C-alpha cells in the first residue's frame, strides 16, 4: 500500500525510470560490408553485437557483374528506423541480373548477446524490395544458422511469393553464426530481370530486465517502504502524544 504522497511520488519516479531504461537502446551504427570484413568491425544494437563478418563471395555467370562488398551497406535496424529489432539491414545496390545471367552472393557473420546470456530465441528474414520480371526469373534469399535453422524468402512467380519467414531455435542461445545467401536468376526472356536491393534479418529474444532496470525498481520500492515506515512512525508518535495528554488531564481532574 502506498502510504503517503511522498511515497507515491517516489514510486512513480521509479516506474518511469524503469520504463525509460528498458526502452533505451545502446549505440546503433552502419558500415560498408567490406569495412566490417577487412577491419574485423562490428555493429551493436541493444544488447546484440554483430561481428566476425567473413567468407564473402559473389559468383556471377552469363556476363553478370560481381557485386563488390564495398557497395553493400550494413546497418542496424535502429539506425535506419527499421522497426522491431535487434537486427541488421543489408542494402545491395548492384544486385540485378538479366536474361541468361545468375549470381549468388554469400557471407557469414555472428550475432551474440553482449552480456553472454542465453536469450536469443528466433531469427527472421524479410525483403519488401526484391523484384523480378519476365519468364523464369527468380530471387531466393536464405538465412542459415548453425543450429541448424533456415529461413527462406523466395520470389519466383506472382503465385509463389513469400516476403518474410522466421523460425524459432530449439533452445535459447547466447550467440548464433549466420550465413546469408542471395541467389539471383535472370530468366529466359528479353525483359527478364531479378533484383534484391535490400533485405533485413532480425533476432528477437526472451525479455530479461537489465540490472540497471532492476536497480531502479529496487530503489523505488525501497523509497516507498521508507516513506511508509516514516509515516507509521509519525502516526505512532501522534498516538503516544495524545495518550499522554489524556492521561495528564485525567490525573489533573482526579487531583481536583
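The values are calculated or read from the model by the stated rules, or taken from the named source; none is laboratory data. Since the model is a prediction, treat every value here as computed from it, not as a measurement. Here the Cβ positions follow ideal geometry from the backbone for every residue, glycine too, while neighbour counts run over all protein chains shown.
Annotations
- Residues in segment 93-142 that are surrounded by fewer than 22 Cβ atoms within 10 Å (Cβ to Cβ) and either in contact with a helix residue (DSSP H, G or I) (Cβ under 8 Å, 6 or more places away or on another chain) or on the phi > 0 side of the Ramachandran plot (or both): 6 in all.
- Residue 70 being touching a helix residue (DSSP H, G or I) at 6+ places or on another chain (Cβ under 6 Å) and assigned to a loop (DSSP other than H, G, I, E, B): no
- Counting only residues that are farther than 28 Å from residue 109 by Cβ and either surrounded by 19 or more Cβ atoms within 10 Å (Cβ to Cβ) or at pLDDT below 90 (or both), segment 171-192 holds 2 of them.
- Residue count, segment 90-127 (criterion: touching a strand residue (DSSP E or B) at 6+ places or on another chain (Cβ under 8 Å), under 24 Å from residue 80 (Cβ atoms) and not in a strand (DSSP E or B)): 5
- Residue 28 being in a loop (DSSP other than H, G, I, E, B), at pLDDT 95 or above and either touching a helix residue (DSSP H, G or I) at 6+ places or on another chain (Cβ under 9 Å) or surrounded by 15 or more Cβ atoms within 10 Å (Cβ to Cβ) (or both): no
- Scanning segment 129-150 for residues that are at pLDDT 60 or above, under 29 Å from residue 175 (Cα atoms) and part of a strand (DSSP E or B) returns 139, 140, 141, 142, 143, 144, 145.
- Meets criteria (more than 25 Å from residue 146 (Cβ to Cβ), touching a residue at least 40 places away in the same chain (Cβ under 8 Å) and either over 12 Å from the mean Cα position of the chain (by Cα) or surrounded by fewer than 17 Cβ atoms within 10 Å (Cβ to Cβ) (or both)) for residue 61: yes
- Hey, residue 63 in a helix (DSSP H, G or I) and under 30 Å from residue 134 (Cα atoms) or not: no
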